[in-house]
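The values are calculated or read from the model by the stated rules, or taken from the named source; none is laboratory data. Owing to the predicted nature of the structure, the values given are computational and were not obtained by experimental measurement. Here the Cβ positions follow ideal geometry from the backbone for every residue, glycine too, while neighbour counts run over all protein chains shown.
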Amino acid sequence: MSENRKTAEAQKRQEGRLPPGQSLTTRFPVLHYGQVQRMSPANWDFSIWGEVAEPVSWTWQAFRQLPRSRVTLDVHCVTRWSQFDTEWEGVSVRTLIDEGLIQLKPTARYVIQHAEGGYTANLPLEVVMQENFLLATHYNGQPLTPEHGYPLRAVIGAIPGRSDLKTPYFWKGAKWLRALEFSAVDKPGFWERAGYHNDADVWEEQRTVGGW
């Protein structure tokens, strides 16, 4: 580790922004299961279904017209790297609900992310409604690359200075996202079924059920 990186990591730890077991990286590592999905906006759509008053679907052109949000996040991967002050732009689920574009049934308690290749990730509705969860199209001012989930991925991270928000590990935001299912019951996702922790709190170091 270079002296500059070591100094920066120590500063983040002192600021209380580096969770236990994590190390600072200045890169954005590419990690996923299976092949990179190559998506064309021409035949892409995004759907909302499940415990909602009415299912909704948007084409890429229509999705780009939805209200936009920007958020700065510290993101923490279960493989022990952390990247700080990353900037994301996209669509907030909370905004969609607040503006009536999605109408939830009272039975909605969880959100299941459905991505290309049958991949899923699960989160409680209360976490998806937080300011640190976003359906992202841009990273640091640029459209997502295919390796990082183009054209749409979910992101979850820590907002600096906001200790009131729950922060799961980065795997809880699925790449190549195609749908959100609002559910009355929890449905463990791909990695949870493989033994990863269902809650995945970065500050509690909830990596796997057995712990490692």
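Numbers at a glance
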item: Looking only at the range 95-117, and only at residues there that are aliphatic (A, V, I, L, M) and in a loop (DSSP other than H, G, I, E, B), the one that is surrounded by the fewest Cβ atoms within 10 Å (Cβ to Cβ); result: LEU101
item: Answer residue from the range 136-167, given it is without any contact (Cβ under 8 Å) to a residue 24 or more places away in the chain and either in contact with a Ser or Thr (Cβ under 9 Å, 6 or more places away or on another chain) or surrounded by 14 or more Cβ atoms within 10 Å (Cβ to Cβ) (or both) and is nearest to ASP199 (Cα to Cα) among those; result: LEU144
item: Exclusive hit being acidic (Asp, Glu) and either touching a His at 6+ places or on another chain (Cβ under 8 Å) or over 22 Å from ASP45 (Cβ atoms) (or both), set GLU205, GLU116; result: GLU205
item: Unmet criterion (only one of (1) under 15 Å from PHE170 (Cα atoms); (2) outside any loop (DSSP other than H, G, I, E, B); (3) modelled with pLDDT under 95) for LEU135; result: (3)
item: Scan of the range 158-167 for residues that are out of contact with any helix residue (DSSP H, G or I) (no Cβ under 7 Å at 6 or more places or on another chain), under 14 Å from VAL128 (Cβ atoms) and not hydrophobic (A, V, I, L, M, F, W, C), ordered by number; result: THR167
item: Among residues of the range 137-179, those that are under 27 Å from ARG38 (Cβ atoms) and either among the acidic types (Asp, Glu) or within 12 Å of the chain's Cα centre (by Cα) (or both), counted; result: 19
item: Qualifying residue in the range 64-76 (condition: at positive phi, among the basic types (Lys, Arg) and assigned to a loop (DSSP other than H, G, I, E, B)); result: no
